[in-house]
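All remarks here apply to the structure that follows.
The values are calculated or read from the model by the stated rules, or taken from the named source; none is laboratory data. Since we're looking at a predicted model, the values are computed, not measured. All Cβ positions, glycine included, derive from the backbone under ideal geometry; neighbour counts span all protein chains shown.
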Amino acid sequence: MNSPEGSTIIRVEHLIKSFDENVVLNDFNVSLEKGKNLVILGRSGSGKSVLLKCIMGLEKPDSGKVEVFGKNIPELNQKNLDAIRKKIGFLFQGSALYDSMTVKENLEFPMRQEINKNSRNEIDERIKKALKSVGLPGTENMMPTELSGGMKKRIGLARAIIRNPEIILYDEPTAGLDPVTGKEISHLIVEIQNQYNTSAIIITHDISCAKIAANKIVVLENGICKKEGTYDEMLKSDDKAVKQFFE
């Protein structure tokens, strides 16, 4: 059963995460509502990717809560954590496609445990639907080496939505792309939000992506939530931590 519209599906409270003496997240708080896109703006090394790893259960916080669908991720056993992860799609910064696999095989990979349970036709239809959603129908037999950077991002996004997740986590979705392709990917994120009714956390330092894709923006600075609001509210802010992204 999907979460109701407007409900809080990710809640991060008083999150502290450090590596040796380096405190990356320091009493960080943020929440994501169902059906919304939350953009977290921050400079390189500000802790954005660490936050996503904490949400996925790949890193354990020093203290604080990381609740997804009402479950505190650090407290879950592996079985319950895997059940949560099935509801989350992830777009890696470098797309993370397997070079030795075709596009079709890359998209099948998240469903490898389901292939015996579902008919071959159903799997093929899901792949076709995902590729159509990202504007790349008919590319099933292409290899990653035949794809441009923008196409790889689209295939990575197709893999993220292949299991109809409630939440998608985007790690620098426009990194390494030219401005035009970056805007196309940002608009595609919004199309996916509308078509699949997904909720998303998008971490980026690309203000153009934030303007296009965000319902709400949070600025991560020195490990804390420095400022949050809409794009227009951020644009009017006098806070130096915010203004650096808009200048």
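The number of residues in the range 189-247 that are among the acidic types (Asp, Glu), within 24 Å of Val68 (Cα to Cα) and within 15 Å of the chain's Cα centre (by Cα) comes to 1. As a summary of the residue check, Phe90 satisfies the conditions (1) buried (at least 16 other Cβ atoms within 10 Å of the Cβ); (2) over 19 Å from Asp171 (Cβ atoms) except for the one numbered (2). Output yes when any residue across the range 84-91 is at pLDDT below 90 and among the aliphatic types (A, V, I, L, M), and no when none is. The answer is yes; a qualifying residue exists. The residues of the range 150-177 that are more than 16 Å from the chain's Cα centre (by Cα) and under 24 Å from Ser46 (Cβ atoms), listed by number, are Gly176, Leu177. Taking the stated definitions as given, is Leu32 of a type outside the set (Val, Ile, Thr) and modelled with pLDDT of 95 or more? Considered against the rule, which asks whether it is of a type outside the set (Val, Ile, Thr) and modelled with pLDDT of 95 or more, Leu32 comes out as yes. Across the range 24-83, which residue is farthest from Lys211 (Cα to Cα) among those that are surrounded by fewer than 16 Cβ atoms within 10 Å (Cβ to Cβ) and hydroxyl-bearing (Ser, Thr, Tyr)? Within the range 24-83, the match that is farthest from Lys211 (Cα to Cα) is Ser63.
So that you can scan it fast, the table gives a plain yes or no per residue for (1) surrounded by fewer than 21 Cβ atoms within 10 Å (Cβ to Cβ); (2) at pLDDT 90 or above; (3) under 23 Å from Glu13 (Cα atoms):
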{"residue": "Pro165", "(1), (2), (3)": "yes, yes, no"}
{"residue": "Pro173", "(1), (2), (3)": "no, yes, no"}
{"residue": "Ile201", "(1), (2), (3)": "no, yes, yes"}
{"residue": "Val242", "(1), (2), (3)": "no, no, yes"}
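You will find that of Glu108, Glu13, the residue that is surrounded by 14 or more Cβ atoms within 10 Å (Cβ to Cβ) and modelled with pLDDT under 90 is Glu108 and no other. For Tyr196, are the conditions met, namely being more than 22 Å from Ile155 (Cα to Cα) and either touching a helix residue (DSSP H, G or I) at 6+ places or on another chain (Cβ under 7 Å) or not aromatic (Phe, Trp, Tyr) (or both)? It is false that Tyr196 is more than 22 Å from Ile155 (Cα to Cα) and either touching a helix residue (DSSP H, G or I) at 6+ places or on another chain (Cβ under 7 Å) or not aromatic (Phe, Trp, Tyr) (or both).
The residues in the range 131-144 that are closer than 14 Å to Glu108 by Cα, charged (D, E, K, R) and in a helix (DSSP H, G or I) can be counted, and the count is 0. So for the range 40-59 (the condition being among the charged types (D, E, K, R) and over 18 Å from Asp171 (Cα atoms)), does at least one residue qualify? No.
Within the range 206-237, the set of residues being at pLDDT 95 or above, out of contact with any Leu (no Cβ under 8 Å at 6 or more places or on another chain) and small (Gly, Ala, Ser) comprises just one member, Ala213. Scan the range 127-145 and give yes if some residue there is exposed (fewer than 13 other Cβ atoms within 10 Å of the Cβ), in contact (Cβ under 8 Å) with a residue 40 or more places away in the chain and out of contact with any Phe, Trp or Tyr (no Cβ under 7 Å at 6 or more places or on another chain), otherwise no. So far as the range 127-145 goes, yes, one or more of its residues are exposed (fewer than 13 other Cβ atoms within 10 Å of the Cβ), in contact (Cβ under 8 Å) with a residue 40 or more places away in the chain and out of contact with any Phe, Trp or Tyr (no Cβ under 7 Å at 6 or more places or on another chain).
Of everything in the range 215-226 that is closer than 18 Å to Lys36 by Cα and touching a helix residue (DSSP H, G or I) at 6+ places or on another chain (Cβ under 6 Å), the residue that is surrounded by the fewest Cβ atoms within 10 Å (Cβ to Cβ) is Val219.
Would you call Ile88 more than 29 Å from Phe245 (Cβ to Cβ) and touching a strand residue (DSSP E or B) at 6+ places or on another chain (Cβ under 6 Å)? Answer is no for this residue.
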